[in-house]
Each structure stands twice: as C-alpha cells, then as structure tokens.
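Coordinate-derived values only; no laboratory data. Quick caveat, the model's predicted, so the values are computed rather than measured. Quick reminder, even Gly has a Cβ in these numbers, built from the backbone with ideal geometry, and neighbours come from all protein chains shown.
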Amino acid sequence: MTKNIQLIALFLSAAISSTFSQEIVRLWPDSSGTEKDVPTLTMYAPVEERESGAAIIICPGGSYRGLAKHEGEDYALFLSSLGIRAFVLKYRLGPIYTYREITADATRAIRLVRSHAERWKVDPARVGIMGSSAGGHLASTTMTHFDSGNQESVDPVERVSSRPDFGILCYPAISMGPMGHVISREQFLGPNPSQELIDSYSNELHVTPETPACFLWHTFEDSVVSVENSLAFAKSLKAQKVPFALHVYERGRHGLGLGAPRPFENPHPWVRELVGWLFDRNLIR
C-alpha cells in the first residue's frame, strides 16, 4: 500500500467514524451574551492507540466575518485520525469585534490548551496552531505576537506562554497592507486604520528568530488572497533562519481546504506533504 493510499484510508476512517470524543470549553469563564459573543474551543480527541501527544488549535477562515466549517471540523477530523488532539477555535468576529478581541481569543486558546496539558494528554512543548485564509492571518499573528505569560495574574491560564510551537498556514492572508485581503483587513482592524496599526498586524514584518517553524501552502491561481502573502512570509522566515516548508501549486481556487470537490475521497496533495512534515517533526508517529 502506498503512502497516498494509506493517507486516504486514514482520512476516510476519520470522516465516517463516530468514535471521536468531543468537548466544548469556553475560552473565558466570565463570557456572556449570545453565541457569537462567547468564544469556545471544540476538542476532537484521537483514538487512544494513535495519540501522539501533539495538539493543534485550528482557526477557520471566513474573512473575519464568518467561520468556514470545512476549514475547522474537517481539519480536526483529519488531524485526529493521525493521532493529534485537535481544537477548533470559535473566535469572535467583526465588525462587532476587532483585532483586540480576536487576537485575545487566539492567544487564550494556546494558553488554555497548554495549561490543561495533563488533563488532555498533551505535550505542552508540542502545541501548534493552524489557519486558513483569514484564519491563517490569525494563526500567523499568534506566531509573531506572543509572550511568556503574566506571572502576576490571578488566572493560572494567563501565566502560561502563548507562543505556538509550530504553525500550519493554508492560503493565509499574512499582510494587512496592499497585498492582503481587503475585507479581512476591514473586519479585523475596523474602518480607516492608521498605518501604524496596519503595519502592526502585517505579520511578514514581525518574524524573528523566535518565530516557530512553519508549513505553508498556497496556489498560484488564488484570486482572493494572493500567493504573495505566503511568499513574503516565507522570505521573512528564511531571513530569520526559521525552518519552514513552502508548497505552491499552480492550480486551485481559494478556500480549497482539504480538497475539492470531494476531500473525503481525494484529498489535495498538500495533505500528503503535511503528513510527511508532521512525521519529520515528531508530531505524529
């Protein structure tokens, strides 16, 4: 059996299985309001015999005004089939909420998973983040805007580092500048943002040697979020000597997720490449 056939078999098993246990937790214990006001993590636990100890927080795309299911739950089912504990992040959205609340939700998610590492059978040194499109911007924001935690906080979760240990970016909107995605910028930063604010969240400008290793993919044909975003981020990673894998495919529309039109039967080649990358980094076995 070839590696590709094995991968498809794993994915099909995950997609049709009802054995994955799920748990929904609130990010903020004091959050209230309607569903859109209460950010959550939905955990997809892998079957015990496959569990690797790695965890990935998944940020679905949707231009910061929606959350695409195929970039959330589909990824979680796939990653769970590989032995990774997957967490789909339901973060707050524009225009009601902007960068302050949205980035707070993502960094809180990393802290929460790491602080519950023992309970969720997670290695706190193998907590990654993944995102597509606008979710890729949010994931890359956590990769370039993190801290070691506030040791003075009364909340033990806030004392934990928000730095992801690795990142997976799928056709990401990296920049808030001209090459970025206009609608995502408007929803994330609000109307008429200052140049300083635009630069603050143009993540290609904020890569440092401490930025975690990254897997990126994009398509040349993407007419919604230009491939320039992934190329610019990869260039910054290279300049700072941060390990990365970059895959650019000639064909494919924006928002492919695991593959279209039948991802459960025919996943896109990037999925196979990701499996190899995860294995090489000891994130699956």
Residue range of the chain that is longest and free of GluC sites (Glu not before Pro) which are both DSSP loop and sparsely packed (at most 14 other C-beta within 10 Å):
1-117
For the stretch 177-285: rounded, prolate or oblate by the Cα gyration tensor [a/c cutoff 1.5]
oblate
Furthest towards positive pole of dipole, 229, 170, 202, structure part the chain, Cβ charges
170
For residue 168, what residues show an amide H to amide H distance below 5 Å, using hydrogens built from the backbone and excluding near sequence neighbours?
129, 130, 131, 215
If I require 18 Å or longer along the helix axis, counting alpha carbons, and a Kyte-Doolittle average no lower than 0.0, what helices from the chain are left? Use full DSSP H segments.
3-16
Out of the stretch 190-285, which chymotrypsin sites (Phe, Trp or Tyr not before Pro) are coil in DSSP terms and have no more than 16 other C-beta atoms within 10 Å?
220, 264
Partner lysines for residue 69 [C-alpha distance under 23 Å; skip if fewer than 8 residues away on the same chain]:
36, 90
Between the alpha-carbon centers of the stretch 74-104 and the stretch 180-249, tell me the distance in whole angstrom.
18
Among 143, 179, which comes first, then next, by fewest other beta-carbon atoms within 10 Å?
179, 143
Determine, for 200, 148, the number of other Cβ atoms within 10 Å of each Cβ, and report the residues in order from fewest to most.
148, 200
If a paramagnetic tag sat 7 Å from the Cα of residue 239 along the Cα-Cβ line, which residues of the stretch 152-183 would have the backbone N under 11 Å from that point?
none
Mind putting a number on the dipole of the chain about its Cα centre? Charges go on the C-beta only, +1 for Lys and Arg and -1 for Asp and Glu, and I need it in Debye to the nearest 20.
400
Counting DSSP beta bridges in the chain, what percent are antiparallel, to the nearest 5?
30
Neighbour-count ranking [beta-carbon atoms within 10 angstrom, fewest first] of 90, 121:
121, 90
Additional length obtainable on full extension of the chain from residue 30 to residue 152, 0.36 nm per residue less Cα span:
42.0 nm
In vacuum, with every alpha carbon of the stretch 3-280 counted as one equal point scatterer, what does the Debye formula give for log10 I(q)/I(0) at q = 0.09 Å⁻¹? Two decimals, please.
-0.37
